[in-house]
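Scroll down for the structure; my scribbles are underneath it.
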Amino acid sequence: MVSEYRHACIIIDDPLLRENYGFLNYRKLLDLMDRHNFFTTIAFIPFNYGRTDRKIAALFQERPDRFSICVHGCDHTGGEFAITNADCLDRKVQLATARMLEHQRRTGVPFDRIMVFPQGRFSNAAMLALKKNGYLGAVNTEAAPVDGPLTSNFPFFLRYKPEEALKCDCEPLFIVIHHEYFKDGYNRLTDFIDAVNAQQKTIKWDSVG
């Protein structure tokens with residue numbers, strides 16, 4: 001059955017779960033999500049599992065209607081998922097998952113088993129490793145594996161910069177930004193959100209999961 005809604009999510013890459021990360025402030029972002037109606041998933045680097053602030057963790061626990069996290073690589077090193085060795089990839093996915101589970105144990109913040117590949121680099125073999133380890137899907141800015149055309153049947157979704165998203169008719173609509181997007185304030189984001197909500201009357205904002 002086709003959904004009556006078009007799903008959408010803002011994805012912010014890299015931030016620690018701390019009061020401030022660069023130009024990003026989580027409490028300010030939450031206020032804007034409530035006032036303008038949108039949802040944010042943080043693409044969280046598993047290597048940072050021990051660096052979360054308990055107050056921001058509590059914010060994520062209290063507001064799962066606005067915040068979630070997913071998996072952003074493992075160590076966030078260049079090309080860590082752009083290899084084709086199945087055993088190495090399996091170990092990398094297992095380590096990333098173990099770190100996310102430890103983060104969940106320490107903070108109470110659950111995570112979606114969705115992979116956002118660091119620097120957008122990945123292989124078809126990496127997709128198989130994710131599938132083997134029970135992940136739900138992968139999100140990336142390009143459908144261009146390093147080992148040839150995209151051949152895996154593992155769920156894969158593209159994401160778009162805000163300036164591209166308004167012209168995109170895809171379902172779901174995943175929008176990528178970084179903390180630098182807020183360098184000049186939050187109006188740039190809220191203007192974009194308001195435009196999306198006006199353009200898509202049946203939009204449903206939710207997590208990537």
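No value in this document is a laboratory result; all are computed from the given coordinates. All figures in this text were calculated on a predicted structure; none of them were measured in a lab. A quick note on method: Cβ atoms are made from the backbone with ideal geometry, for glycine too, and the neighbour counts reach across all protein chains shown.
When the alpha-carbon atoms of region 1-58 are used, the pair Rg, Dmax equals 13.7, 42 angstrom. About its Cα centre, region 55-209 has a charge dipole of approximately 420 debye under the convention of +1 per Lys or Arg Cβ and -1 per Asp or Glu Cβ, with nothing else charged. Seen from a random direction on average, the alpha-carbon convex hull of region 85-209 projects onto 9.3 square nanometres. The Kirkwood hydrodynamic radius of the chain, based on inverse pair distances between different Cα atoms, is 17.4 Å. Given R0 = 41 Å, the distance between the Cβ atoms of Lys55 and Glu163 translates into a calculated FRET efficiency of 0.75. Put simply, the C-alpha atoms of region 69-140 give a gyration tensor, and the ellipsoid matching it has half-axes of 20, 12, 11 Å, longest first.
Amide H to amide H, with H built 1.01 Å from N, Asp147 comes under 5 Å of Asn124, counting only residues 5 or more places away or on other chains. With an a/c value of 1.5 or above and a/b larger than b/c for the gyration tensor axes a ≥ b ≥ c computed over the alpha-carbon atoms, region 142-188 is described as prolate.
Loop-resident chymotrypsin sites (Phe, Trp or Tyr not before Pro) (DSSP state other than H, G, I, E or B) in region 134-209 with no more than 14 further Cβ atoms inside 10 Å of their Cβ are absent. Efficiency by 1/(1 + (r/R0)^6): what FRET value for Arg18 and Asp147, r their Cβ-Cβ distance, R0 = 30 Å, to the nearest 0.05? Efficiency computed from Cβ-Cβ geometry: 0.25. Sorted on the mean count of surrounding Cβ atoms within 10 Å across their residues, most packed first, peptides 107-118, 19-30 read 107-118, 19-30. When the GluC sites (Glu not before Pro) in region 92-197 are filtered for DSSP coil states and for at most 16 other beta-carbon atoms within 10 Å of their beta-carbon, the remaining sites are Glu142.
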